[in-house]
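Here, each number is a calculation from the coordinates, and none is a lab measurement. The model shown is predicted, which means the values in this text are computed figures rather than measured ones. A quick note on method: Cβ atoms are made from the backbone with ideal geometry, for glycine too, and the neighbour counts reach across all protein chains shown.
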Amino acid sequence: MAQTLTYKILESHLVEGRLTVGESIGIRIDQTLTQDATGTTAFLLFESMGLGRVKTQLSVSYVDHNMAQFGPENHNDHLYLQSIATKAGAYHSRPGNGICHQVHLERFARPGATLLGSDSHTPTGGGVGMLAIGAGGMDVAVAMGGGPFFLTCPRVIGVHLTGKLPDWVTAKDVILKLLSILTTKGNVGCVVEYFGKGVAHLTVPQRATITNMGAELGVTTSLFPSDAMTQSFLAAQDRADAYRPLAGDPDARYDRVVEIDLSQLEPLAACPSSPDNIRPIAELAGLKVHQVIIGSCTNSSATDLMRVATVLKGRRIDPHVEFAIAPGSRQVLQMLAANGALADMIAAGARILESACGPCIGQGFSPADGVVSLRTFNRNFAGRSGSPGDRVYLVSPETAVASAIMGEITDPRTLRDAVGIRYSAIKLPKQFETDDSMIDPPLPPEEAATAEVVRGRSIVVPETPPPLAESLDGQVLLKCGDKITTDHIMPAGVHLKHRSNAPEYAKVVFECFNEPGEPTFAERALALKHGGRAGVVVAGASYGQGSSREHAALCPMVLGVRAVIAKSIERIHKANLINFAIVPLEFENEADYERLQAGSDIEIPDLAQAVRERDAVTVIDKTAGFEFVCRLNLTQRDRKILLAGGLLRYTKQRARAMP
């Protein structure tokens with residue numbers, strides 16, 4: 001029977017369940033990655049499970065998020081991660097080696113393998129034909145211990161690519177076009193698979209841009225076939241042995257097919273403040289720009305930045321534009337330095353940032369009040385830049401550098417007539433700089449056994465949630481709207497350094513909704529918890545979209561939140577809620593969302609029984625005096641995890657039960 005590439009990889013890794021759309025399946029995980037904003041918690045949970053040494057083919061701990069190091073917290077994390085990687089038998093990519101997704105693509109990604117990462121942009125690996133999935137740190141910890149990863153057997157959306165990209169039109173414009181079609185909502189439980197003759201014209205870095213930003217669609221992952229382009233990329237990375245040809249069958253059937261003719265695309269932008277708010281650059285041209293940043297895991301490859309350097313050579317950026325470039329990896333930075341491109345960018349007025357996530361996660365370079373900031377990043381959620389009311393547009397490196405020169409949003413196709421800049425093709429290097437001296441390899445078990453794990457005072461073992469109560473007596477602490485992101489729930493930026501200390505980090509849960517002079521969400525939640533009652537959050541559609549940060553479930557759990565009632569909940573966040581024993585409920589009738597108000601006293605008298613046996617749950621609004629029904633869209637495994645009191649307790653119970 002003809003198969004998609006997605007199902008070929010799933011079938012070869014299936015350990016539990018059946019490959020039937022909508023059913024729960026467990027797959028074997030070959031590789032894992034963590035980064036320092038999520039990895040500290042993941043490794044603390046890994047230790048709590050008593051799993052000893054990692055049992056995957058390869059696990060890598062990256063440091064790329066918390067790099068500013070104001071105070072001791074970030075360096076405490078770095079030392080812990082380096083030492084626990086040594087103890088656990090994982091690779092460790094040191095600070096300065098680059099962004100996890102870019103480095104993993106360069107040095108570890110393998111066609112046909114499975115990768116589970118505690119970062120939502122892990123699907124970057126799909127650029128080489130890898131089934132790469134983002135998840136919460138708890139799920140990654142289980143995978144590091146050799147356990148399967150459970151997901152809903154997906155529907156596959158086929159994206160049929162034809163034609164070839166015109167000059168100045170890029171891979172970023174491909175994914176922005178797809179976002180304009182599929183949007184950020186309604187794609188849970190799907191995988192996007194690219195096929196067609198147009199695929200052959202896209203290099204691996206271009207494919208990785210598309211699969212990386214595919215995370216904004218809300219899909220499980222995205223992937224390309226592994227072909228001659230993949231072979232060339234891996235050979236240039238001195239990893240020719242990793243190559244294997246892979247593709248879906250020519251007559252494979254997709255649940256939906258989207259047609260994109262690459263030759264008909266034009267430069268696009270995601271306008272404030274959502275990645276699916278797409279408009280053509282030609283319509284935005286002339287809008288004054290005061291800040292341009294090129295980088296992030298989406299668009300910071302060697303070929304991306306060589307394009308930028310070629311445009312900038314012998315020119316200067318507009319004097320009113322603050323312009324920065326963040327290379328994706330040390331490899332990219334070394335190559336730019338060696339071939340003179342770095343000097344060209346500096347001469348043009350660029351500020352060179354560290355090879356790290358940086359401004360993409362609100363770590364510096366926040367724009368001024370009211371100004372337009374162009375970024376080659378993957379997200380432009382309101383306030384994510386660190387500036388309330390920000391005006392962030394997501395664009396390609398070509399559009400970004402053109403706009404930096406002209407001082408206003410500029411269609412790069414107009415550069416020739418405007419300032420005499422001609423398009424010139426940038427080819428994939430035949431040989432990349434492959435210096436792995438900043439990646440610490442695993443030690444042999446006998447040496448690792450004597451290694452000391454460094455635990456600074458800010459490294460706090462996460463609290464374990466209690467077993468699920470038979471009934472819930474609580475209060476609606478917050479009612480929020482649609483598209484609430486994990487940035488809304490757990491702000492990053494200056495607070496990111498507290499990721500390893502959940503009680504401290506929990507103080508800023510839902511900080512963006514706090515009112516001056518009023519008790520904060522955290523204070524109200526803790527008061528309720530200390531009174532023996534549960535906190536409840538009510539939300540609209542697509543609750544929990546965005547990053548994989550499990551702290552958006554862990555920290556509310558610490559504050560006593562025990563249920564979320566929403567119109568819909570995004571995949572990774574829903575899994576994280578279950579992992580930390582917060583019950584995810586969805587309105588059966590969305591009109592009940594309008595009736596329910598913040599401050600209402602809520603009762604669910606038979607919650608545990610419903611989790612054991614039913615899909616429907618009756619919720620009583622004791623304040624307004626009405627009842628309504630919610631749905632428990634849970635697998636049997638989800639139910640067992642909730643009843644046990646979260647994935648940590650569930651994993652330990654299973655381990656004790658094994659002979």
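Distance distribution note for region 5-264: the fraction of Cα pairs above 26 angstrom is 39%. Here's how it looks for LEU632: its modeled amide H is under 5 Å from those of ALA616, VAL617, which are all 5 or more places away or on a different chain. In plain terms, the C-alpha convex hull of region 400-444 casts an average shadow of 6.1 nm² when viewed from every direction. SER458 sits among other residues whose Cβ lies under 15 Å from its own Cβ, and their net charge, with Lys and Arg +1 and Asp and Glu -1, is +1.
Using the alpha-carbon positions of region 441-485, Rg (one decimal) and Dmax (whole number) come out as 21.2, 53 Å. Bridging of LYS55 to aspartates and glutamates at a Cα separation below 15 Å is possible for ASP30, GLU47, ASP139, once same-chain residues fewer than 8 apart are set aside. Based on every Cα atom in region 268-419, Rg and the maximum pairwise Cα distance Dmax equal 14.0, 40 Å. Pairs exceeding a 24 Å alpha-carbon distance, out of LYS479/LYS640; LYS529/LYS574; LYS87/LYS652: LYS479/LYS640.
With a Förster radius of 56 Å, plug the Cβ-Cβ distance of VAL461 and ILE352 into 1/(1 + (r/R0)^6) and report the FRET value to the nearest 0.05. E(calc), rounded to 0.05, equals 0.90. Once the mean of 1/r is taken over each pair of separate Cα atoms and inverted, region 472-657 shows a Kirkwood hydrodynamic radius of 16.5 Å. Per residue, the average separation of C-alpha pairs within less than 8 Å and at least 6 apart gives region 268-419 a relative contact order of 35 percent.
Centre-to-centre separation between the Cα atoms of region 408-462 and those of region 238-312: 18 Å.
Summed over all non-identical Cα pairs, the Kirkwood treatment of region 36-85 gives a radius of 11.6 Å.
The mean sequence separation of alpha-carbon pairs under 8 Å and at least six residues apart, normalised by the residue count of the chain, gives a relative contact order of 14 percent. Neighbours of ASP411 by Cβ distance under 13 Å: Lys/Arg scored +1, Asp/Glu scored -1, total -4.
With contributions of -39500 (n - 2.57) from each DSSP H run of at least four residues, the per-residue ellipticity at 222 nm computed over the chain stands at -8500 deg cm²/dmol.
Approximating the spin labels as points 7 Å out from Cα along Cα→Cβ, the ASP241-to-THR162 distance works out to 4.3 nm. Net charge in the neighbourhood of VAL332 (other residues with Cβ under 9 Å of its Cβ; Lys, Arg +1, Asp, Glu -1) is -2. Between region 561-609 and region 160-208, what is the C-alpha centre distance in whole Å? Cα centroid of region 561-609 versus Cα centroid of region 160-208: 35 Å apart. Which of (1) 38, 28, 25; (2) 60, 24, 21; (3) 71, 30, 25 is the computed semi-axes √(5λ) of the Cα gyration tensor in Å for the structure on display? Checking each listed value against the structure points to (1). Cross-link reach is defined here as a Cα-Cα straight distance under 19 Å, omitting same-chain residues fewer than 8 places apart; for LYS497 the lysines meeting it are LYS507.
What lysines sit close enough to LYS313 to cross-link, taking a C-alpha to C-alpha distance under 24 Å and skipping anything fewer than 8 places away on the same chain? Those lysines meeting the cut-off are LYS172, LYS288, LYS427, LYS430.
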